[in-house]
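For reference, the structure discussed in these notes is given below.
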C-alpha cells in the first residue's frame, strides 16, 4: 500500500503543476489517463468514461481532466472563486479498491497537502444526479475546513444498480490549486511556472472568455434556438436508440455512445436555458426528467450491448 | 462469566447516524443474546467516525439446556400425519413415546435442546445484526454484496474471561473477525491487538482515539470554553453542533480563531450561519461588545505546528465566505435603502407554482388578505398590507440567495434599512413562524396578520388547484401550514370564522373540504394536549365549529368534565335518554320534540326532573351565549342526579300512550339540553 509520505515533495508552483502531479500520481496507480471529453458538460461525471463505464461488469480504471461548464455560475471573471467554465479532475475505478481512501490521501500528498500537518476529514455527502438517474454514498473531503474533493461509491447509474461498485473521486481543480498555492483570487493564480519565459496567470488565459461567456449565458443566448436544439437533441437521441440493431451490412451495432452524446447535449442546453432564466421551478423538474429518461435508455443500451459482447467472448 | 467486545471498523460513518447506530447495535445484539438464552450484567455502546463498538459484561458462558414435550398424532393416525410430526420435531419413530390419553394412545416427542456455548450464539447474533442493520442509508462497495453505511473493513469479536480471550469464529463476506483494529487514521495508523474492552479503550487512547462520544463532547466543550475564556469571550452554546462535531473527530483538538475586523459589522446571524452551516465552527461572543468576534474549529489531529497551518487554512476559508457575505450585505443594503423596488420587480419573474402564478402574484394576494385579517387580530390594516408587501422581498437579495436559511431574518434588516416601521420589519422576520409544533408563535398583531395570510393563501391556493396532501405525500408542507394557522389562532385567541376567511383568500377553493382538513389537523394537535378525539368529533358537529377558539374552549370544558365520575355518569344518562328516544322515534316514525307537560308527571322523580330542567335550560343557554363552557357543562352536570333518579323510578314505555309520549318528550328536553354543548352520541364510553 502506498503511504502518503512516499509522494511528498516540494510544493507545486502553479496550476498546471497541480494537474500534472495528479496525472502522474494516478497513472502510477494504474489508471488509464484519458483526455477530456470533446463536448460541453456540467461535470466530469458526464464523460462516458464515468457514466457508461460505471455500468456493467467490466473492470475499469481511468483518470482525466474534464473542462466543465455551469452557465449559472458565471460572474464575469470578477468573483474570486466562481467561474462558468472550470476544470474537474476525475478518477473512476471499478470495482472500488479496498484502499481507495488511502490512494486518495496519497494524491493529496502528491500535490503538497501533507495530512500530518493539515486536517483532512471525510464529511458525509450523498451524491445524486437527477439528470443521470444516478446516486451514490460518500463524502466531501475537507482539508482545513475547505471542501477539496467529492468521494463517491456509485450505487446506481442510469437507473441500473452498479455491480460491481465504482469509486469516483472528483477534485475541483481551481479551488484545490488556489488552496495549495495560497492564492486568493482565481484570476491571480499562476497557470504555468512564474519563472517561465512567458509567465501566464489564470486570468491571462480565461478572464476575457469568462466575461464574454457570462454575457452570452445570461443575456444573449437565443432561447428560442436553444429550446429548438433541446428538442432536436432529444429527438435524435430517441431516433438513435430506436434504430434497428443491425447496420446496412447486417452487422449488429447498437449505438449507445452516439445516443448518449445527444443526452449530454440536451443536458447542457437545459443548463443554458436555466441560466437565461426561462425555466420555472415546476418546469425544471420536467426538463430534468426528460434528460434522465434519455440517459436511462442510453444506459440500458450500453448494458445490453456489453452483456452481448461478454457472452460472445465467453462463447469464443 | 465472560465479557464480550465487538468493534465494527469502517470508513467514516456520517455524524448524524452514529447515536442511533450505537443504540441499534446494543439493542439488536443484547436482544439476540437474551433470546438465545444468555444473560448479561451490563452493556455499553460507543462510536467514533470510523467505528461502532459494543462491550457486554458478565455474559453467561453458555445457554441452558431446554426440554420440550410435544404432543403428536394418535398411534392409529395415518402414516402421513406421523411423518409430518417426525419432520417437525427432527426425531425418528423410535425416539417417540406412546402415551395413554383419554381417547387412546398418542405419540409424544421429548425434544431436548442442549445448551450452546456463548461463542456460537454471539457469532450468529452478530452476523444477523450486521446483515440486517437499520442504517438510514446503506451501500455496497467493490465487488461484494454486503451492505453497510460505508465500506466495512474489519471486525473485532472477542470473548474474554480470567483465563484469557478468544476470538469468536465469524466470517462475513470475506471479513474474518479478529482481535485487531487501527488507531487514528494519521497519528497512529498501525494495527493494534486487544484482549478485552479495558485493553481496547486504553490502547485506542494511546493511539489517539477517544472512544466515548460523551467524553469527546465534554473535551470539546471544556477546551473551547477555556480558549474563549483566555480572550475574555464566551462560546455561544449549540448542543446540536457539539454532538455533530464530536461525531466528526476521533481526537478532538479545538483551535480558536478570530474574525477579521472588516467582517464584524455583518449581522450576527450571518456570521453564525456561515460559520456553523458551512464550517461547523462554534461562535465566540465578546460579552463587552455583544458581538460575535471569534470562532472555535475542532480539528481531528495534533500537528507539529500546534495546529497553525490548520487554523490558517480555516481562517482563509472563512474569510473567503465572509467576503462573499460582506459583498452581498453591502449590495443588498444599497438596494434596501433604495426601497427594494428591483426585488419586487424580480419576483414577477419567479414562479411560485405554475397554476398559482409568480411570487409577485402571491405577495399581492397575501397583502390583500392581510388587510382583511388585520381587524381580527388588532393590527392596523395599512401596516399589515405594507408588511405583507415587503415580507418576502429578501428572497431576491443576494444574501438569501447564498444562505436560504436566513430568509426573514435578512428581511427584517432590509426593511429597517428601507426606513420601514419596526412592526413591519418584525413581520418580515416572523411571518414564516411557527414552522414546527414547538416553534415560537408570533404575537405582534402585524406579524400575526401576515403569518396567517401567508399560510391561508397557500392552503386555499393549493386547495383551489386540487393539490392536496395525500398519505405521506405533502410536498408543499400544507399540513405544517394548517398547524401553523391553528397555533396562531389558538395562542393569540383570534376569533375568526375560518370558512369566511377561506372565501376571502380564494373563492374557488372548496371551503368545506379545507375546513375538514383543519379539523383533522386540530384533532392531531389537541390529542397531543390530552384531549380525546371523540370529544373533538362531538364538538366539531356543533355550529360555529370554524371558529377554532370557540371549538377548543368547548372541547376543553367537556374534556375536563368527562374526567370526573359525575361527568361519566352524566354521559351515561344522556346516552341512555338518547338511545331510548332514538328507538321510540324509529318505531313511531316521528320526532318527540313537542314539549312535555308536568301535569302528567306521576312520581316525585319525574317532577324533580321537570324542575331541574326548568332551572338548568336557561342557565345553560345563557352560559353558551357567553361562551362560558365550563358553566354550561356544570349546568348539564346538575341534571345528573335527577336523570339517574328518573330512570330508576320511571318506566318510560308504559301501556298508557299519553304517559309514554309525555315521558319521551321529557327525554327530548334532556337531549336538547345536551345538544346545546355537544353531540354526545359521538362520545365513546
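The values are calculated or read from the model by the stated rules, or taken from the named source; none is laboratory data. Nothing here was measured: the structure is a model prediction, and the numbers come from that model. All Cβ positions, glycine included, derive from the backbone under ideal geometry; neighbour counts span all protein chains shown.
Quick notes
To keep it simple, each residue is scored yes or no on (1) away from chain B (no Cβ under 11 Å); (2) farther than 23 Å from residue A:295 by Cβ.
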site: A:51; (1), (2): yes, no
site: A:75; (1), (2): no, yes
site: A:83; (1), (2): yes, yes
site: A:99; (1), (2): no, yes
site: A:102; (1), (2): no, yes
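Per-residue answers, yes or no, for (1) surrounded by fewer than 21 Cβ atoms within 10 Å (Cβ to Cβ); (2) at the interface with chain B (Cβ under 9 Å from one of its Cβ atoms); (3) touching a residue at least 60 places away in the same chain (Cβ under 8 Å); (4) in a helix (DSSP H, G or I):
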| position | (1), (2), (3), (4) |
| --- | --- |
| A:68 | no, no, no, no |
| A:78 | yes, no, no, no |
| A:89 | no, no, yes, no |
| A:93 | no, no, yes, no |
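- Looking only at the range B:366-380, and only at residues there that are touching a helix residue (DSSP H, G or I) at 6+ places or on another chain (Cβ under 7 Å), more than 17 Å from residue B:495 (Cβ to Cβ) and surrounded by fewer than 22 Cβ atoms within 10 Å (Cβ to Cβ), the one that is nearest to the other protein chains (Cβ to nearest Cβ): B:367
- For the range B:8-38, filtering for residues that are in contact with a strand residue (DSSP E or B) (Cβ under 9 Å, 6 or more places away or on another chain) and assigned to a loop (DSSP other than H, G, I, E, B) leaves 6.
- For residue B:307, the criteria (1) in contact with a helix residue (DSSP H, G or I) (Cβ under 9 Å, 6 or more places away or on another chain); (2) within 14 Å of chain A (Cβ to nearest Cβ); (3) over 30 Å from residue B:193 (Cβ atoms); (4) touching a residue at least 12 places away in the same chain (Cβ under 8 Å) hold in every case but one, which is (1).
- Residue in the range A:158-174 that is assigned to a loop (DSSP other than H, G, I, E, B), free of Cβ contacts under 8 Å to residues at least 24 places away in the same chain and either at negative phi or at the interface with chain B (Cβ under 9 Å from one of its Cβ atoms) (or both) present: no
- Answer residue from the range A:195-219, given it is touching a strand residue (DSSP E or B) at 6+ places or on another chain (Cβ under 8 Å) and loosely packed, with under 15 Cβ neighbours inside 10 Å and is nearest to residue A:181 (Cα to Cα) among those: A:199
- For the range A:114-140, the candidate set comprises residues that are touching a helix residue (DSSP H, G or I) at 6+ places or on another chain (Cβ under 8 Å) and more than 10 Å from every other protein chain (Cβ to nearest Cβ); within that set, the residue that is surrounded by the fewest Cβ atoms within 10 Å (Cβ to Cβ) is A:130.
- Lone unmet requirement of (1) crowded, with 16+ Cβ neighbours inside 10 Å; (2) more than 27 Å from residue A:77 (Cα to Cα); (3) not assigned by TED's automatic domain parsing to the domain that holds residue A:47 for residue A:266: (2)
- Tallying residues that are within 14 Å of another protein chain (Cβ to nearest Cβ), surrounded by fewer than 16 Cβ atoms within 10 Å (Cβ to Cβ) and at pLDDT 80 or above within the range A:269-295 yields 3.
- The sole residue among B:544, B:578 that is modelled with pLDDT under 90, in contact with a helix residue (DSSP H, G or I) (Cβ under 6 Å, 6 or more places away or on another chain), farther than 30 Å from residue B:364 by Cβ and in the same structural domain as residue B:657 (by TED's automatic domain parsing) is B:578.
- Looking at B:336, B:349, B:325, just one residue is surrounded by fewer than 20 Cβ atoms within 10 Å (Cβ to Cβ) and more than 33 Å from the chain's Cα centre (by Cα), and that residue is B:349.
- Residue-level check: of (1) in contact (Cβ under 8 Å) with a residue 24 or more places away in the chain; (2) over 37 Å from the mean Cα position of the chain (by Cα); (3) not assigned by TED's automatic domain parsing to the domain that holds residue B:147, residue B:183 misses just (3).
- Scanning the range B:525-547 for residues that are crowded, with 21+ Cβ neighbours inside 10 Å and either in contact (Cβ under 8 Å) with a residue 60 or more places away in the chain or in contact with a strand residue (DSSP E or B) (Cβ under 8 Å, 6 or more places away or on another chain) (or both) turns up B:535, B:538, B:539.
- Strands (runs of 3 or more DSSP E) contained in the range B:76-181 and holding at least 1 residues within 14 Å of chain A (Cβ to nearest Cβ) and either at pLDDT below 90 or closer than 28 Å to residue A:162 by Cβ (or both): B:152-161
- Residue match in the range A:141-152 (condition: part of a strand (DSSP E or B), without any contact (Cβ under 8 Å) to a residue 40 or more places away in the chain and farther than 30 Å from residue B:305 by Cα): yes
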